[in-house]
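As structure tokens, the structure follows; a few thoughts come after it.
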């Protein structure tokens, strides 16, 4: 096992000085560590059309005073706690995205270089000057400890201008950024606390970071990541024997720990806000989304935060019940209604009376059952199979489907009138690939849960396992991530990390992320676009003999180069940063080649945006 890496302030300064003073361009290729010079050249301005890019992602400049005004408005309307939570989540999202961008841009960079790039990115974006005091980490085991000083905090400037000096730290967005950035690199939730702050009268801000389970009273820190109170942080007190560096936490309450709602992404929070809005009402709710996104969990939470929470919650998977039995299961059966009906029994509607009935995979209901369901929704009455009397029920119906109901209506498989009864308040639940900010949180949560369930001590995830999970498409969504982490927890060695071979063992298509060895012997990630580019290059080499001839009548090297540049720019839809990555060039080199071509052709120089 490799030793824990410790990096002091002096060592970082000497290393950066060596890189910045080399005077060559070797560090500018796609595989070099992201130095401050690299990051600066990744920031592109296009004043003519009002766009700014950082590593191919669009950015926007704002006045610090305007952000201070926004903070004041939020504090006045939401209060301090909700404002702090909102800004912390925004910062977390920004940190997660920056970590993903840097990993994609510099796949060969050592972990130390990527950790050091976070403070440089934060400074480049104008948030704060970061002075690392020290940090130590072991990516293989998922351990991390860091201490940093922040100077010239833009967030503090805006806060102090409106609220003056107080008793609480105020760099909420910047703290969220540090948590998001580091957690994305480690693959484990790393929590920072601001122990000194300009807004408290200190000369600078001081930040301490370590894994969430190593902090005392972590619930307050994590509560700021929850857009709604019913979203769980899922961190209880440590229980049982664990190794010092284990990533496994044993929740305080036993049982049901896999039924927590965990997330911080904007897509997840939007669904939670809609859930909170509709919960106090009697409206019928229709959940839509792919299989495995957590529709039953959202339905259960809807019941728990509604006025019906003391009454029954009954869930029915309509696809799991044979068509011949679905009506008797839903509406009940009278004695003698058919052969084998030896006694009367209530259906799910009656059992859920006063509470909530969740109907999953609603499209599998027969047309007859759909008609009876429509009547129950319209009249609040049902009839048992073989019965002759109506039974009044007060049930809130919540339905879910993973197919397009409007297409089912056009195909004649679903009643349009029932659709309009169900579609009173639709909530679309996003797939996991649209809420990648939540993946590190879910990984850490499932790791704790299955470590407890299977009595396994697993320290975390290796760097390449984190990369693979962050780039995987997850066709099975959260359910698939849950299964992968459980599988990895079982496969991994005791007191060891979950590695890539422990995860994708049953034919999963992990083509979104490839791994190879670089010339320096480092593990290098290649994305799908690079793989396709390599295949295209082989095809081009196969074509070359037919394109060249002894008399010189074939294509020239300049023509081949220009054809490749045109194809890359077209494929990237005019985004020069993306086109440069396809060609294996830096953006300035691509822009130079394009300008040179225009100059040689006698045309005006193109806009280098």
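The values are calculated or read from the model by the stated rules, or taken from the named source; none is laboratory data. All of these numbers come straight from a predicted model, not from anything done at the bench. We place every Cβ from the backbone using ideal geometry, glycine too, and count neighbours over all the protein chains shown.
Brief remarks follow.
- Conditions (1) buried (at least 18 other Cβ atoms within 10 Å of the Cβ); (2) modelled with pLDDT of 65 or more; (3) in a loop (DSSP other than H, G, I, E, B): number failed by residue 247: (2)
- Hey, residue 192 touching a residue at least 60 places away in the same chain (Cβ under 8 Å), assigned to a strand (DSSP E or B) and either in contact with a strand residue (DSSP E or B) (Cβ under 9 Å, 6 or more places away or on another chain) or within 20 Å of residue 96 (Cβ to Cβ) (or both) or not: no
- Check on residue 125, within 19 Å of residue 100 (Cα to Cα), out of contact with any helix residue (DSSP H, G or I) (no Cβ under 7 Å at 6 or more places or on another chain) and in contact (Cβ under 8 Å) with a residue 60 or more places away in the chain: yes
- When 61, 87 are screened for being assigned to a helix (DSSP H, G or I) and either modelled with pLDDT of 80 or more or under 24 Å from the mean Cα position of the chain (by Cα) (or both), only 87 passes.
- Of all the numbered requirements in (1) modelled with pLDDT of 90 or more; (2) surrounded by 15 or more Cβ atoms within 10 Å (Cβ to Cβ), residue 280 misses one, and that requirement is (2).
- Within segment 93-112, tally of residues that are more than 20 Å from the chain's Cα centre (by Cα) and crowded, with 20+ Cβ neighbours inside 10 Å: 2
- Residue selected from segment 280-319 under the condition part of a helix (DSSP H, G or I) and touching a helix residue (DSSP H, G or I) at 6+ places or on another chain (Cβ under 9 Å), by the criterion nearest to residue 377 (Cα to Cα): 318
- Exactly one residue out of 468, 463, 528 is at pLDDT 80 or above and closer than 20 Å to residue 101 by Cβ: that is 468.
- Segment 404-413, subset surrounded by 14 or more Cβ atoms within 10 Å (Cβ to Cβ) and in contact with a strand residue (DSSP E or B) (Cβ under 9 Å, 6 or more places away or on another chain), residue nearest to residue 482 (Cα to Cα): 405
- Test: residue in segment 419-426 that is assigned by TED's automatic domain parsing to the domain that holds residue 286, at pLDDT 90 or above, on the phi > 0 side of the Ramachandran plot and surrounded by fewer than 17 Cβ atoms within 10 Å (Cβ to Cβ): no
- Some residue of segment 152-173 being outside any strand (DSSP E or B), touching a residue at least 40 places away in the same chain (Cβ under 8 Å) and under 18 Å from residue 100 (Cα atoms): no
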